[in-house]
Amino acid sequence: MSNKVNSNGIVLGIKDGLALIQPTKSKLPNRNCFVVGGPGSFKTQSFVVTNVLNERECSIVATDPKGELYEMTAKVKEAQGYEVHVINFMDMVNSDHYNPFDYVRKDREATTVANTMVAAKNDPKHKDIWYNAQLSLLKALILYSIYEMPIVKRNMSGILDFLQEFDPEQDESGVSGLDEQFLKLSKSHPARRAYELGFKKSQEATRASIIISLLTTIGDYVDQEVADFTSNSDFFLNDVGRRKIALYVIIPVMDDTWEGLINLFFSQMFQELYSLGAENNSKLPQPVIFLLDEFPNLGRFDNYEKFLATCRGYGIACCTIIQNITQLQEKYGREQAESILGNCGVKLCLGNVNDTTAKYFSELAGKTTVKVQTSSKSTSKSSKNDSSSSSQNFSYTGRNLINADEILTMDENESILIITGKYPIRLKKAKQFELFPDITDTYRCNQSCYEREIAREVLEFREEKKAEYEEYIHSDEKQKEQKENEEKLHEAKTKKLDKSENQDIDVLKDIIKEKSMEQEDKDEDFEDIGDFDELEDREKELK
């Protein structure tokens with residue numbers, strides 16, 4: 001395959017017939033690029049595809065809004081020695097599998113998963129009682145699945161089966177089937193603590209509403225295709241930081257049903273890479289570049305600006321790609337959007353943007369001083385002769401180096417590059433079909449023909465977890481603990497039933513006493529009130 005680009009790095013554009021590239025070992029503060037271009041700006045063709053094809057050293061994680069990126073480049077990356085994977089949120093059948101529960105190793109990670117899932121289907125700005133109740137119950141269920149279920153059940157499908165099997169409605173003893181499962185655990189068990197300090201405290205009248213709200217939130221996972229997709233993981237997210245991988249994340253453009261799961265996927269990947277880096281002196285064994293096209297469709301990341309500020313040290317470059325700055329401001333707010341932009345050392349405008357974006361780049365480019373020439377001429381008349389004089393004056397004034405209207409009307413083949421601490425540069429777009437002219441249908445492949453393959457490390461991990469579970473569930477300590485808790489639960493239920501029965505008897509006694517007093521009053525008022533058989537029968541009934 002011929003290549004007009006002669007070095008590795010992020011291809012930014014063409015200047016004087018040569019590709020302008022930010023090398024892997026750039027002297028800039030970071031290797032983060034902010035790329036903005038509206039529809040028809042060749043955003044995908046001149047930046048995303050070009051950089052996927054050109055990159056030879058780093059692992060690549062690229063969002064693929066239509067699946068076209070995979071079809072154009074996957075075979076090329078395989079030929080370049082890359083291991084290719086696909087996570088397809090549009091068509092989960094033709095995809096590797098991803099189970100978010102595989103990355104829950106600590107209690108706070110269960111909180112992260114639960115919070116992301118609940119926030120995706122409910123407004124996080126209005127955290128009312130229903131929002132928080134769902135959150136606490138889902139966290140407890142996740143922890144229960146991680147600690148107490150076999151590995152094949154440690155997923156969303158397992159939780160739905162669990163809720164289907166154990167009724168949350170309390171019986172006459174005041175304990176539900178769901179309660180019993182958690183009360184069998186030790187008091188210090190993370191799942192029981194989360195359950196008792198959350199959902200268990202709710203009033204009986206609200207329990208059904210909380211369960212219905214949660215089932216509405218996680219109801220999409222009932223679908224068999226989704227259940228299979230999230231049942232297990234085919235590779236580990238930190239694998240992209242261990243060996244050279246090209247990962248295509250296919251996302252829907254118009255459907256936001258899976259925005260929460262997509263957001264969780266990337267959040268967990270960022271965290272997994274940082275954890276891997278921490279094990280290797282804060283450096284990934286394999287450097288990684290993210291090409292996040294249609295970035296707003298990935299949901300809102302709470303600490304994205306912090307990720308951008310620190311990722312270079314781990315060997316990570318991140319390209320945030322959007323259609324206009326307004327999208328970023330709407331998703332993150334103006335202040336956080338500014339922080340995100342400030343942590344991108346390179347900013348590239350591909351055109352077809354809105355007024356807000358054009359104004360931003362105009363102001364970012366700065367001002368220049370221009371020399372302004374003015375001339376004047378005066379004429380005077382007298383009886384003897386006519387005379388005239390002229391003068392020229394020069395002044396200096398400031399103007400924008402690039403006006404907003406120039407950005408709005410620039411040629412479709414042009415782009416504007418602004419690098420931190422440098423003057424802006426006008427570039428020609430680096431269209432992939434010009435730099436890599438031999439990319440033809442020969443290299444194309446059909447994404448629907450993708451065949452998933454489970455990594456060897458994942459299979460070993462499953463066997464290890466399966467053995468751990470069998471040892472734990474059949475251990476003498478676990479058996480003894482469960483038996484003791486079951487006995488305590490039975491004793492508590494019996495006491496509660498006895499107390500309830502005694503209360504019922506007391507109520508009956510009060511009724512009979514009240515009836516007797518009423519009868520005595522009647523005896524005083526009337527000499528003859530007739531037959532008392534009926535009243536006696538009623539009293540017997542009550543007794």
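Values quoted throughout were computed directly from the atomic coordinates according to the rules given, and no laboratory measurement underlies them. Here the structure is a predicted model, which is why all the values come from computation and not from measurement. All Cβ positions, glycine included, derive from the backbone under ideal geometry; neighbour counts span all protein chains shown.
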| field | Radius 12 Å from Cβ of E477, net charge of other residues (Lys, Arg +1; Asp, Glu -1) | value | -1
| Candidates per GluC sites (Glu not before Pro) in the stretch 136-193, loop by DSSP, up to 14 other Cβ within 10 Å | E169, E172
| said: Please give me the summed charge of the neighbours of D256: other residues whose Cβ is under 15 Å from its Cβ, Lys and Arg +1, Asp and Glu -1. | reply: -3
| remark: Checked the stretch 89-184 against the a/c 1.5 cut and the a/b vs b/c comparison, axes a ≥ b ≥ c from its Cα gyration tensor; verdict oblate
| note | Filtering trypsin sites (Lys or Arg not before Pro) in the stretch 164-259 by DSSP loop and by at most 14 other Cβ atoms within 10 Å leaves K187, R243
| request: Using a/c under 1.5 as the rounded threshold, could you call the stretch 242-382 rounded, prolate or oblate? The axes a ≥ b ≥ c are square roots of the C-alpha gyration tensor eigenvalues, and prolate needs a/b larger than b/c, oblate otherwise. | output: prolate
| request: Please give the net charge around K244, taking every other residue with its beta carbon less than 15 angstrom from that of K244, where Lys and Arg add +1 and Asp and Glu add -1. | output: -1
| field | Restraint check, K43/K331; K127/K184; K153/K283, Cα-Cα greater than 25 Å | value | K127/K184; K153/K283
| field | Where a label projected 7 Å from the Cα of F461 along Cα→Cβ would reach, residues of the stretch 212-235 with amide N under 17 Å | value | 229-235
| field | Alpha carbon centroid spacing (whole Å) that separates the stretch 33-66 from the stretch 111-138 | value | 34 Å
